[in-house]
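Every number here is computed from the coordinates shown, using simple stated rules; none is lab data. Note that the structure is a prediction, hence the values are computed from the model and not measured. Cβ placement follows ideal geometry from the backbone for every residue including glycine, while neighbour counts extend to all protein chains displayed.
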Protein chains: 2
Amino acid sequence: MDEFSFIDSIKQKYYKQPTLLKGVGDDAAVFRQQNKDIVTSVDTMVENVHFAKYTMSPFHAGYRALAANISDLAAMGAVPAFYLVSIVIPADLSNEDAGSIFSGMESLASLYRMDLIGGDTVSGKELSISITVIGYTEPGRARYRSSARQGDLVFVTGSLGDSQAGFHILANKGEYEEESYFIERHRMPSPRVDFAAKLSGIKRVSLNDISDGLANEVNEIADASQVTIILNEKDLPVSPQYPQFPVDLQHKWKLYGGEDFELVGTVAEDDWESVKEAASNTDTVVTPIGYVAERSLSSKVYLITDNGKIPLYSEGYTHLK
Amino acid sequence: MDEFSFIDSIKQKYYKQPTLLKGVGDDAAVFRQQNKDIVTSVDTMVENVHFAKYTMSPFHAGYRALAANISDLAAMGAVPAFYLVSIVIPADLSNEDAGSIFSGMESLASLYRMDLIGGDTVSGKELSISITVIGYTEPGRARYRSSARQGDLVFVTGSLGDSQAGFHILANKGEYEEESYFIERHRMPSPRVDFAAKLSGIKRVSLNDISDGLANEVNEIADASQVTIILNEKDLPVSPQYPQFPVDLQHKWKLYGGEDFELVGTVAEDDWESVKEAASNTDTVVTPIGYVAERSLSSKVYLITDNGKIPLYSEGYTHLK
């Protein structure tokens, strides 16, 4: 199959977004959106850096690559609308597998009525999937890391460390409880789009998605907002079967494990009821895990543990290698 | 230099686009644009597929990668505003060379006051540069390939085949006239943004950029518009020193040579004066090269040569390999 037939094979038969004027098939795509702010981001996944054949099928590689991008939109409070895909295909990847990567993306995209509006297919030595996503927020409602203020509650959605637990199960044969739950959390994470969008009634929310581990993301909020943040270790939410893993791994994954694609954020205490309402309306678990302390030019994050208050440093998340 | 310091080093100190609300530094970029249509496209260049060290410095690789993308916007009649870059960096690429790639992009972007608003830097086996561009047109003024109508004039900007001639000079040592002119046309092509934008007063224009050779692009217009198009070989514009090259190469490059990034389009005869005015206002040479004949479901392109009228087929442009 040549490049043109392949593009034809993945081209949508019809488009869902009412703002789209031109999809795939010209030099560029065109859309018209009034009275919204437009949010866009790009992210690339490279085989054997971000994913590997032994833990991910092509379908899952596509699914997760798009999930990571949609999660960035969720972290801005944006509703996804479009995606563009640039893929480098090595000679040893079959057409069937290349098609499965796009099927994986499409199966997630369809949940959000996202349209694939552009892309590029080129040959190269290693598989790499670069995705650009475009979404919308209500005017002035994009959520920045810099919006945390003294006195805010810190909250997190869902449970932490599950994706790394799933990866551990795939990489280390053994008997585990709820294997398929953890594996699915690794391969097919659910970006928190609906919950984040439901926060749009709240004037000020700081938000970040957990792609590189909680410690890193909370430090980013603290840095951008120039505040100190205090977290309570005992409040960090984990799933019921999480305690089956070794204690040191539990600790590592929930604080530094990447790619859960949950959200961490802060809001004024007065808005906490609205956050809980948004969570309940979208079947999302939301847990308060700390608070924003004083404003500070040398921003810091602390973790209150059984052994006292310790600094929680940002640790560069290293992808599997 | 780690990923974060590298991103810091290429981050703009300030932004130029008044519509931008948030650039690099959060989960995504945010902009607000009222009363325009938004045009977006993505394109990837892989080393040794689309460019090679022996013909392109890192600076030129970056420059040309962005030029190819901006040319897609020009082909839609759009004015460029933003770009996002996802780059896969192999271990043997120095930080200096990686920085030069971004300098090459920046030097072209600054001509259009474009802002770099997002991106991703990942390690991998081979250098690959994926660029997403975003631009604007006046509402309803995006230019499609499907807009050609019977009786239209066909026109082309600039001269044809120069980029391939420049590549030929770089790949084949020898004595050539105007060497630096042809080499610059290959390494630092000028997308026809200003000219295309000045056409916005004309209601209907079909437009395509010549990235894959004139024959291919005109066939795309014929296909999308379901018309037959007739071109006159003697009218195809070439630069003054072009005849120094072997006749068979001249023929090949001007019809099938890619990456001149000139524009080919069609307009009603009544609008031809306006096209010439747009050209003259933007120091662009524009040449009529044929006309749109009858509407036809089995669209065709013909070339009138000294030896009669021959069909001009689309030939899949093959990148250097």
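Summary table
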read-out: Of every Cα-Cα pair in segment B:91-141, the percent that sits beyond 15 Å; value: 59
read-out: Vicinal HN-Hα couplings computed from phi for segment B:114-128 (Karplus, 6.51 cos²θ - 1.76 cosθ + 1.60; Hz; Gly/Pro x); value: 6, 10, 7, 10, x, x, 7, 10, 10, 8, x, 7, 9, 5, 9
read-out: Among beta bridges that DSSP assigns inside chain A, antiparallel share in %, nearest 5; value: 75
read-out: Other-chain or far-sequence residues with amide H under 5 Å of A:T282's (modelled H); value: none
read-out: Shape category assigned to segment A:1-77 from the gyration tensor of Cα positions, a/c cut at 1.5; value: oblate
read-out: Using alpha-carbon coordinates, inclination of helix A:247-256 to the longest axis of chain A, degrees; value: 70
read-out: Listed peptides B:246-253, A:101-108 by packing density, highest first (mean Cβ within 10 Å); value: A:101-108, B:246-253
read-out: Across the identical copies, how the A:R295 labels are spaced - nm, sorted shortest first, 7 Å along Cα→Cβ; value: 6.7
read-out: For segment B:191-196, Karplus couplings with θ = phi - 60° (6.51, -1.76, 1.60), whole Hz, Gly/Pro x; value: x, 8, 5, 5, 4, 4
read-out: Across the identical copies, how the A:A91 labels are spaced - nm, sorted shortest first, 7 Å along Cα→Cβ; value: 2.2
read-out: Nearby lysines by direct alpha-carbon distance to B:K13 (threshold 28 angstrom, same-chain neighbours under 8 apart not counted); value: A:K36, A:K300, B:K22, B:K36
read-out: Calculated SAXS-style log₁₀ I(q)/I(0) at q = 0.12, 0.14, 0.15 Å⁻¹ - segment B:3-137, Debye, Cα scatterers; value: -0.44, -0.60, -0.69
read-out: Contact order relative to length of segment B:145-311, as percent, for alpha carbon pairs under 8 angstrom and 6 or more apart; value: 43
read-out: Charge dipole (debye, nearest 20) of segment B:3-137; +1 at Cβ of Lys and Arg, -1 at Cβ of Asp and Glu; value: 500
read-out: Enclosed volume per residue, in Å³, of the convex hull spanned by Cα atoms of segment A:95-225; value: 180
read-out: Nearest-20 debye value, segment A:145-311 charge dipole, Cβ charges on Lys, Arg, Asp, Glu; value: 460
read-out: Per-residue [θ]222 nm for chain B (sum of -39500 (n - 2.57) over DSSP H runs n ≥ 4, rounded to 500); value: -9000 deg cm²/dmol
read-out: Equivalent ellipsoid dimensions for the protein assembly as shown as semi-axes, Å, which come from the Cα gyration tensor, largest first; value: 48, 25, 22
read-out: Karplus (6.51, -1.76, 1.60) ³J(HN,Hα), θ = phi - 60°, over segment A:25-42, in Hz, Gly and Pro reported as x; value: x, 10, 6, 6, 8, 9, 9, 10, 10, 9, 6, 9, 8, 10, 10, 9, 7, 9
read-out: For A:L21, distant residues with modelled amide H under 5 Å away; value: A:V30, A:F31, A:R32
read-out: Rg ratio (alpha-carbon, reference 2.2 N^0.38 Å) - segment B:145-311; value: 1.03
read-out: Size of electric dipole in the protein assembly as shown: Cβ of Lys, Arg +1 and of Asp, Glu -1, about Cα centre, debye, nearest 20; value: 1180
read-out: Charge context of A:D270, other residues only, Cβ under 11 angstrom, K/R +1, D/E -1; value: -2
read-out: Over chain B, relative contact order from alpha-carbon pairs under 8 Å, at least 6 apart, %; value: 23
read-out: GNM flexibility winner over chain A from A:F182, A:F245, A:F59 (Cα, springs under 10 Å); value: A:F245
read-out: Diffusion coefficient, µm² s⁻¹, Stokes-Einstein with Kirkwood Rh over alpha-carbon pairs of chain B at 4 °C and 1.567 mPa s; value: 63
read-out: Averaged over A:132-145, number of beta-carbon atoms from partner chains that fall within 10 Å; value: 4
read-out: For B:K234, label point 7 Å along C-beta direction: distances to other copies, nm; value: 9.4
read-out: Positive-end extreme of charge dipole, the protein assembly as shown - chosen from B:Q33, A:V301, A:F167 (charges on Cβ); value: B:Q33
read-out: Sequence-distant residues sharing a close amide H with A:I229 (under 5 Å, placed H); value: A:A293, A:K300, A:V301, A:Y302
read-out: Residue of B:V30, B:V154, B:V88 that the Gaussian network model of chain B assigns the largest fluctuation, springs spanning Cα pairs under 10 Å; value: B:V30
